[in-house]
1. Using amide H atoms built 1.01 Å from N in the peptide plane, name the residues 5+ places from Y296, or on other chains, whose amide H lies under 5 Å from its own.
2. Take the Cα pairs of the chain, get the Kirkwood Rh, then feed it into Stokes-Einstein at 25 °C and 0.890 mPa s and tell me D in µm²/s.
3. Rounded, prolate or oblate, given the Cα gyration tensor of segment 316-398, with a/c below 1.5 counting as rounded?
4. Could you work out the equivalent-ellipsoid semi-axes for segment 169-279, taking the square root of 5 times each eigenvalue of the Cα gyration tensor, largest first, in whole Å?
5. Which one of A333, S362, V307 is farthest out on the positive end of the charge dipole of segment 303-374, using unit charges on Cβ (Lys, Arg +1; Asp, Glu -1) and the Cα centre as origin?
6. Can you show me the helix-derived [θ] at 222 nm for the chain, built from DSSP H runs with n ≥ 4 at -39,500 (n - 2.57) apiece and divided by the number of residues, rounded to the nearest 500.
7. Where only protein heavy atoms count, and the probe is 1.4 Å, what is the accessible area per residue for the chain in Å²?
8. Between N87 and residues 5 or more places away or on another chain, which pairs have amide H atoms under 5 Å apart, with H built 1.01 Å from N, and which residues are they?
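The values are calculated or read from the model by the stated rules, or taken from the named source; none is laboratory data. Values in this document were obtained by computation on a predicted structure and should not be read as measured data. So basically every Cβ, Gly included, is an ideal-geometry build from the backbone, and we count neighbours across all protein chains shown. Surface accessibility is based on the protein's heavy atoms, side chains included, excluding ligands, DNA and RNA. Shrake-Rupley method; radii C 1.70, N 1.55, O 1.52, S 1.80 Å.
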Amino acid sequence: MKKATIFLLSIIISVAAIAQPLLKVTPEQAGMDSKRLSNVDRIIDESIKKGEIPGAVIAVVRDGKMVYLKAYGNKSVYPDTVKMAVNTVFDLASVSKPVGTAIAFMQLVEQGRVRLTDNVSMYIDGFKPYVDSATGNKIEIRVIDLLTHSSGLPPYAPVADIVAKNGAPNPKALIDWISNCKRDFKPTTKFQYSCLNFVTLQNILQNITGMKLMDYSKKNVFDVLGMKNTMYNPTGETLKLVAPTEKQKDGSVLLGKVHDPIARILNDGNSGNAGVFSNAEDLSILAAAMMNGGEYNGRRVLGKLTVETMTTVPESVKELGRSLGWDNYSPYASNNGNLFNPTKTFGHTGYTGTSIVIDPVSKTAVILLAHRVHPVDAGAAVRLRALVANAVAGSIVK
């Protein structure tokens with residue numbers, strides 16, 4: 001009986017440790033100035049008044065502690081107006097690439113199940129190389145080329161054409177199209193942001209593990225860190241917290257269904273390029289882990305050297321500015337603002353209006369979640385993200 005009680009207590013303690021949110025402190029306790037930090041309120045409120053976004057949630061993390069967590073505007077303006085709450089769950093869109101795909105993939109690298117320099121064709125049968133039109137030489141696309149968006153794969157796939165020919169959902173038809181489509185340039189010579197890179201990474205992970213990406217990431221990343229409202233194809237209590245995105249032709253809105261067409265139509269929500277739903281508190285835990293060598297609250301998802309490698313731009317593509325699943329200083333990195341470390345800061349944006357910025361030097365993270373595609377795909381978040389990042393960075397005084 002005594003052993004059973006001890007065992008039960010250990011389970012309770014373990015579960016409590018997983019679910020514990022970040023410790024909340026004042027800006028001053030974290031070496032930040034409250035008045036300067038409050039500039040984010042004005043910036044976000046002005047964006048809402050301009051009609052750029054209906055609402056937003058911001059979280060600011062400093063040295064593993066929650067410094068600022070606030071909601072603005074509305075979670076929904078159609079079909080009903082509902083006020084935004086700090087626990088609102090958003091369609092992360094392409095923020096899914098690092099959060100849902102790359103971190104999971106780097107676990108396979110550190111487990112010795114795949115190398116960054118492995119050819120994609122080792123894991124996906126019939127995956128074609130780049131062929132030099134002048135010489136006829138074949139150059140294989142490698143895993144690292146996918147992670148840094150230097151593979152030469154096209155930016156997107158013709159969803160309607162694939163559906164017309166093969167029906168939907170049809171993940172196999174999608175990866176078959178990617179395997180055989182035209183390569184736009186020789187690998188590593190250019191940067192071209194491509195959702196197809198991360199759909200390919202998804203398929204490699206699934207072929208290695210025998211698990212769907214959505215199941216692998218939830219079990220090995222989200223659940224480990226206690227990210228209780230982070231998942232693909234949200235259900236249950238998490239679904240109740242989701243902010244809607246775009247109004248559809250039939251008058252309904254997308255709610256709990258990923259906005260991205262590849263992810264929603266062809267991959268049925270389980271996709272390497274998009275599909276993760278999460279909220280600010282959960283992403284704050286992930287950011288804290290990334291700034292702490294892959295560990296938060298005694299729960300580890302990556303090794304210290306793995307995190308360092310993942311968030312450093314490889315020498316071979318240094319001029320391109322992309323690290324492994326993250327964006328450091330490519331042309332897409334304007335969300336980093338102007339004041340955080342210019343080369344070591346890493347982050348990602350999402351088409352729906354989401355953003356995460358992590359500066360490991362100042363140990364500061366900015367999570368800005370908005371849904372600029374609600375109720376119609378006509379909002380804007382690019383300038384907003386940079387202004388918010390600058391206001392947060394400018395509030396650091398120690």
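1. Sorted by chain and number, the residues that satisfy this are V301.
2. Numbers: Rh = 21.5 Å.
Calculated translational D: 114 µm²/s.
3. In terms of gyration-tensor shape, oblate.
4. Numbers: eigenvalues 137, 73, 33 Å².
They are 26, 19, 13 Å, listed from largest to smallest.
5. S362
6. -8500 deg cm²/dmol
7. On a per-residue basis, 42 Å².
8. Close amide H contacts, sequence-distant or interchain: none at all.
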